[in-house]
Every structure is written in C-alpha cells, then in structure tokens.
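Heads up: the structure comes next, in structure tokens.
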Amino acid sequence: MFDSNKVLAGLSATAAALVLSLNFSSAQAAFISVDSSFGADTITRDTDTGLEWLDLTQSLGLSVNEVADEFGAGGIYEGFTYARGSDVETLFFTSAGITPGLQGPGEPAVWDLANLLGITEAFFFVSFGHYLPDLSSPTAGLGSLEPILPFGDAAASRAIVDDNGFAFDEGAPNVGSFLIRSTTPTTVPVPEPGTAFLFLTGLAALAYGRRRKRF
C-alpha cells in the first residue's frame, strides 16, 4: 500500500543528506597534487579555478621562447600554455589565501604552495617562475614564493607577482615557468540546498495529491 508518510520521510532524509554532502564538499582543500608524464606529484590542480599547474622545476633554466616552442603537438609541454599575471595572482592570493607582500613570521600558506609548485632555489627556499603580463609586453614577469626570507633576527615569508623585465630569450638556472592547462569537470552539478529542498517537497506534494484522488 502507498504510504505518503513514508514517502515524505524518505524525501526529507534525502534532502538532509544533500545538504550535508554540499557542506562537506565545500570544506575540501583547494589543491590536489596529481601525477603526470613528468613524474609523481608534478601537477597541482586548483579545484577553485579548474586549472592545472605544472611544477616550476620541470622548466628550470629555459627561456620563455624555449618553453613556448614546446607547446605544439609532440612538444614537451603539449597541452599547456603560459599563465598570465592575473592567473598567478589568483593562484597566490585567492585560491591559496596568501597575504600579498612581506609577512613575518613565515606564513604557512606560502610554504604549502611553494612545496606544491616545487622549490627552485634551495638555498633561499624560493620558487621562481616566469609568467606573461596581461597587457602586451616584450618581456616576461616573475612570480615568486619565498617561504624563508632573512629579516633581522627572524624569518619572513613573501609572495610577489612582479613584471621585472625578463627578456623572452633569457633563462636562469633557478627560474621555471608558470604553465597551466584547463581541466574538464567530471562531477555532475548538485542543486543548492534550498533548491533541492523545494524540488523534493514538490515531489512529495504531488505524490500525496495522487493518493488522495484514489479515495
């Protein structure tokens, strides 16, 4: 026999589970370390933007021109492109939540992101990488994460996105490149809690209405 009370109870439980799952998923970390053809944990996936970042250590010493020559089919960096200054700023200051500029004592978020992207200068514990300015420019910018920076008797952290004028044909042994590629979402979008609750309540009302018409 059709029991409307059971239907309503089941739908309410489903709605509650939906709300809990949404709250849980929103608390997940923004970054996932991923294996690639370059090796284990060589990609950092930003789940906030859907971008994958290749470790800076995979392009050390190469100029912007040398890296860009490998973007085509069969190239070392096929599928990747250069990050723009705005991409790097979003990665540093929005997704990672780093406070721009100099911070003391060392900010954990700087350490975390630097370790994900790869330490390019071990002596100063710095991650350096080229990026392309958002406006047309004959030179590349330099983004850096410095987990430990000598600062008097203490240590400080610093996150900088600066157009310092690296020529496109200029490389440095401790500087990599901020290379990105887009990912295709594999999850099905879940309705907002309010929308899901209204939808399920409507279904329950329809079911109850059909039952009443039978009597």
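Quick look at the values:
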read-out	value
Charge dipole magnitude, Cβ of K and R +1, D and E -1 - the range 66-189, Cα centre, debye nearest 20	320 debye
For the range 88-191: rounded, prolate or oblate by the Cα gyration tensor [a/c cutoff 1.5]	oblate
Sum of side-chain charges, Gly75 neighbourhood, beta-carbon under 12 Å (Lys, Arg +1; Asp, Glu -1)	-4
Label point 7 Å beyond Cα of Ala154 along Cβ direction - residues of the range 94-115 with amide nitrogen under 14 Å	102-108
Peptides 57-66, 125-134 ordered by average Cβ neighbours within 10 Å, highest first	125-134, 57-66
Formal net charge of residues neighbouring Glu146 (Cβ-Cβ distance under 13 Å; K, R +1; D, E -1)	-2
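Bear in mind that the values in this text are calculations on the coordinates, not laboratory data. Nothing here was measured: the structure is a model prediction, and the numbers come from that model. Using ideal geometry, Cβ is built from the backbone for each residue, glycine included, and neighbour counts are taken over all protein chains shown.
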